[in-house]
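Peer 1: Next up is a structure, given as structure tokens.
The values are calculated or read from the model by the stated rules, or taken from the named source; none is laboratory data. Please read these numbers as outputs of a predicted model, since none were measured by experiment. Positions of Cβ are backbone-derived with ideal geometry, glycine not excepted, and every protein chain shown enters the neighbour counts.
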Amino acid sequence: MTARPVARVLLDSPLPQLDRLFDYAIPPEWEQDAQPGVRVRVPLRSAGRVVDGFLVERGEPETGDRPLSELDAVLSPVPVLPHRLYTLARRAADRASGSASDILRLVVPKRMVRAEKAWVATPTRDAPAVPAASAEWAGGVLAAFPGLADGVAQGARLAVEAPARVAQVATGDGGWVGAWAELLAAAAVSTLAAGRSAVLVVPDHRDQAQLEHALAGLVPAEAVIRLDARQASPARYAGFLRTLDPVPCIVVGNRSAVYAPVHAPGLIAVWDDGDPLLDEPLSPGVHARDAALLRQELDACALLFAGHTRTTDVERLIGVGWVRDVPPARRGSPRVVLSATREGESRGARVPSAAFAAAREALRSGPVLVQVARPGYSPVLVCAECRRPARCEHCAGPLHAARPGAVPTCGWCGRSANGWACPHCESTRVRMASSGSERTADELGRAFAGIRIIVADGDHPVTHVDARPALVVATRGAEPIAEGGYRAVILLDGERMLLADDLRIGESCLRWWMNAAALSAANAPVHLVGVTGSVARALATWTPAAYARSELADRAPLRMPPAVRVAVLEGPSTSVTAALAAVRDAAPDLGAQDLLGPVARDDDTVRALVRFDYGQGGRVTESLRSSVVADALRARKNARGRTPGARNTLRVRVDVPDLDL
């Protein structure tokens, strides 16, 4: 009797002990449809139920008389999981001590039957034709960075500091975008003209819109595919299916787009890799930068890191020779002024006279950008008598005011604090201790009578402003693009931003300030108010790479990331202790100073840190993953007869950016 072929299936399950391929027999009725990459439903005998999964590969049955369960159903004959995507997910999960199914759950959208039928019915598309004028334009843009075009064509790993200016799009409506979008669009157009696909990964929808605007008219519209978590489910699934077509394309999307299974990948570009939005919060928490590095190795395509600043992570890769820095032929930068209070001015003055005068002069010809730290009117209230922070009586959250004289409300639970009294001095009066975007707009509106005031923050999203005079008060990261660039930029609250308890706060502040300064017009002044020190000097001299090198040099002797990798272990004391012991056995060359903890937490669990060098990564992450699986099996055995979900298990997060997380 001829043995039936075997389907090796990856189950869609959050249980770590199920993160492997399971063998199932293929019944005759599913012989044609059960092909690698399709969605299937299979029985899970240990749980007495059926689960969904992906058929990863077909093979011959192993020797022996072990009976195999049969596939329950093939949910769709469309192969949505190419083997190269499974390989990438597997490697990314192993590097992060996680499950491949968790990564694929983020990458492969849920099945939408109508979108799938429309894609199947669509005839095979031809490869998009890139107009000669577009290819010539792309070559001219890339020529500003000698060696960049050749590096992209040869599949090199590259890093560039993007031009710090705005640019008018080459085609279409003549709108304005950041010059970085023009640079990435040129690299993508050049790659598509060579018959290969490009994947452009950006932090959020604002950056995505700029890239799409820069690409409009340069290549056929059907060649640009959007992959975005903000899309409706049918649109997102339709976009994902289009990446499976055997023709090159350009994908523009957020962090999960780095896994897009495009045909003949030629370029993976990551914009502003220091933005926390590129760090996946869901398990196993693989940063888009790390996924891009893994994919570049697998696909032998070009990898481009671009940003106005340089993260210490990319600078480390440049230092070890893994990534090549590509400087521009001609370096330009905004005109930065370190603005401080002058003699005779109040030290509490929020806008020094020099910055005030620059804003007044610039408003004669166009808009002025004012960057602030926080949204709202007064994000922080304190007791008027003892100056202690005003807290909600119900949840201890911070109180804030929507307007002067308004009843304070809690920033956590939203309750109104009617009749609030300070628990320390019993005062019933509060005072405003900080200014948000709305309060700053009110203050500047009184100082600059007759000038338009535009507030841009999370509650008031603004993407573009015209060239007419206006004061644009924006929170960091929410700055709109001005037609022709801002005639002046004022960066407020810098000293307060630097006080945040964060290992990378210097990097973050430099990124916020440089991204805002890059929106200025040529020769427009950029005033950084009230900040001195190395970060301010890096902004004034526009040397982000040097600042990143100094930060990396300071962290190396302290064994702080990214000089080393860091894993966080959380869970019951016995589980964490056992996992630390297993790590010591797997990597005996780890020093005692690299195993920190365990330390008790408020929820009856403990927390420990493991610091390890990159060369030790394989052994450490494999050991941690084994401990997670063993603990899950032990917890499942001990929890029989108990309420489901009432147990605590070991949790591991690798490559945390900060030891305080």
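Peer 1: Got at least one residue in region 260-275 being touching a strand residue (DSSP E or B) at 6+ places or on another chain (Cβ under 7 Å) and part of a helix (DSSP H, G or I)?
Peer 2: no
Peer 1: Need the failing condition index for Ser13 against (1) over 15 Å from Arg636 (Cβ atoms); (2) touching a residue at least 12 places away in the same chain (Cβ under 8 Å), just the number.
Peer 2: Evaluating Ser13 over (1) over 15 Å from Arg636 (Cβ atoms); (2) touching a residue at least 12 places away in the same chain (Cβ under 8 Å) leaves (1) as the failure.
Peer 1: Continuing with this model, one more query. Give the residue that is farthest from the chain's Cα centre (by Cα), with candidates limited to residues of region 544-592 that are surrounded by fewer than 17 Cβ atoms within 10 Å (Cβ to Cβ) and hydroxyl-bearing (Ser, Thr, Tyr).
Peer 2: Thr574
Peer 1: For region 499-521, name all the residues that are over 22 Å from Val314 (Cβ atoms), aliphatic (A, V, I, L, M) and modelled with pLDDT of 90 or more.
Peer 2: Listed by number, the residues that qualify are Leu519, Ala521.
Peer 1: Residue by residue through region 479-516, note down the ones that are part of a helix (DSSP H, G or I), among the basic types (Lys, Arg) and under 23 Å from the mean Cα position of the chain (by Cα).
Peer 2: Hit for region 479-516 is Arg511, nothing else.
Peer 1: Checking the conditions here, which among Arg391, Arg415, Arg429, Arg452 is touching a strand residue (DSSP E or B) at 6+ places or on another chain (Cβ under 9 Å) and crowded, with 18+ Cβ neighbours inside 10 Å?
Peer 2: Within the list Arg391, Arg415, Arg429, Arg452, the selection yields Arg391.
Peer 1: Further question on the same structure: I'm checking my understanding of the structure. Among residues of region 287-344 that are basic (Lys, Arg) and under 18 Å from the mean Cα position of the chain (by Cα), which one is surrounded by the fewest Cβ atoms within 10 Å (Cβ to Cβ)?
Peer 2: Filtering region 287-344 for residues that are basic (Lys, Arg) and under 18 Å from the mean Cα position of the chain (by Cα), the one surrounded by the fewest Cβ atoms within 10 Å (Cβ to Cβ) comes out as Arg289.
Peer 1: Collect the residues in region 593-641 that are polar (S, T, N, Q) and either under 28 Å from the mean Cα position of the chain (by Cα) or within 18 Å of Ser99 (Cβ to Cβ) (or both), keeping them in residue-number order.
Peer 2: Across region 593-641, the qualifying residues are Gln616, Thr621, Ser623, Ser626, Ser627.
Peer 1: Among what's in region 160-179 and is under 11 Å from Val141 (Cβ atoms) and either of a type in the set (A, V, I, L, M, F, W, C) or touching an Asp or Glu at 6+ places or on another chain (Cβ under 7 Å) (or both), pick the residue that is surrounded by the most Cβ atoms within 10 Å (Cβ to Cβ).
Peer 2: Selected residue: Ala170.
Peer 1: Does any residue of region 69-85 turn out to be modelled with pLDDT of 95 or more, charged (D, E, K, R) and on the phi < 0 side of the Ramachandran plot?
Peer 2: yes
Peer 1: Go over the candidates Ala187, Ala232, Ala167 one by one and state the one that is free of Cβ contacts under 8 Å to residues at least 12 places away in the same chain, in the same structural domain as Cys301 (by TED's automatic domain parsing) and hydrophobic (A, V, I, L, M, F, W, C).
Peer 2: Just a single option satisfies the conditions, and that option is Ala232.
Peer 1: Might you let me know whether region 362-371 holds any residue that is more than 34 Å from the chain's Cα centre (by Cα), part of a helix (DSSP H, G or I) and at pLDDT 85 or above?
Peer 2: The answer is yes; a qualifying residue exists.
Peer 1: Which of the residues belonging to region 112-131 are in contact (Cβ under 8 Å) with a residue 40 or more places away in the chain, among the small types (Gly, Ala, Ser) and loosely packed, with under 15 Cβ neighbours inside 10 Å?
Peer 2: Within region 112-131, Ala118, Ala129 meet the criteria.
Peer 1: Sticking with this one: Would you be able to tell me the number of residues in region 372-398 that are at pLDDT 85 or above, aliphatic (A, V, I, L, M) and not assigned by TED's automatic domain parsing to the domain that holds Ala516?
Peer 2: Within region 372-398, residues that are at pLDDT 85 or above, aliphatic (A, V, I, L, M) and not assigned by TED's automatic domain parsing to the domain that holds Ala516 number 1.
Peer 1: Being in contact with a helix residue (DSSP H, G or I) (Cβ under 7 Å, 6 or more places away or on another chain), touching a residue at least 60 places away in the same chain (Cβ under 8 Å) and assigned to a helix (DSSP H, G or I) is the filter here; which residues of region 138-164 pass it?
Peer 2: Of everything in region 138-164, those that are in contact with a helix residue (DSSP H, G or I) (Cβ under 7 Å, 6 or more places away or on another chain), touching a residue at least 60 places away in the same chain (Cβ under 8 Å) and assigned to a helix (DSSP H, G or I) turn out to be Ala138, Leu148, Val152.
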